[in-house]
Amino acid sequence: MREAGQRTGRFRAGDGARSDSDLAPSGDLLLARRGTAFFARLLNDLPDPELYQDSCVPGWQRCHVVASVGLHARELANEIEAIRTGTPVVKLSGSVLPELREYATIPARALRHLFSHSAVHLNVVWRDLSDAEWKMSNAEKLISHTPLERGKVIWEAALNINTSVSASIFPADVKRILHN
């Protein structure tokens, strides 16, 4: 059934369209992608000056939350590529904090681009993974666990951006991962 649906989707989208591998953790990918769309709506609804107001994270403004989410997507995509290619994982200087402080000072438009471009990049990395690559890991991470990791980060960020959003409106599967 799923195979027929994928063939239909490829037909409509064209031969060059990307789709997830059959072994991709589809439920976790859906959770991460829905979280990304939800966060994007919250971000797009914020006027630029409000990006520099306090968030729910002590000592952080909303711009820190946005930068953190963007940098997380970028780092996760880089980790997946490193595992996939067998190259050493390059972390953002061991800690994201120095980069986070720097990125939180960029103009609102650039901050929005950081979020959207890093989210698209991560999604492309996931879509390009083969069945075998979804099973790959290094000493720290299994690629198939990255969508759930991203899901947790993005949904928590939706709460932390401090827009009057409450976890009570989140789907049950999101509430479950936020409490684990």
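The values are calculated or read from the model by the stated rules, or taken from the named source; none is laboratory data. The structure presented is a predicted model; accordingly, all values stated were derived computationally and were not measured. Using ideal geometry, Cβ is built from the backbone for each residue, glycine included, and neighbour counts are taken over all protein chains shown. Surface accessibility is based on the protein's heavy atoms, side chains included, excluding ligands, DNA and RNA. Shrake-Rupley method; radii C 1.70, N 1.55, O 1.52, S 1.80 Å.
Laid out as a table, the results:
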read-out	value
Contour minus Cα-Cα distance for ALA37 and HIS117 (0.36 nm per residue)	27.5 nm
Binned Cα-Cα distances of segment 91-180, short to long, each 10 Å bin given as a whole percent	12, 34, 40, 14, 0
Debye, to nearest 20: dipole size of segment 118-180, +1 on Lys, Arg Cβ, -1 on Asp, Glu Cβ	180
Student exercise, segment 12-82 dipole from Lys, Arg, Asp, Glu Cβ charges, in Debye to nearest 20	200
Convex hull per residue volume in Å³, alpha carbons only, for the chain	142
Rel. contact order, % - alpha carbon contacts under 8 angstrom, at least six apart, segment 28-180	36
Value of [θ]222 nm, deg cm²/dmol, for the chain, DSSP H segments ≥ 4, -39500 (n - 2.57) each, nearest 500	-19500 deg cm²/dmol
Cβ crowding within 10 Å averaged over residues, with 74-84, 18-28 ranked highest first	74-84, 18-28
Sulfur and carbon atoms: percent of accessible area, the chain [1.4 Å]	55
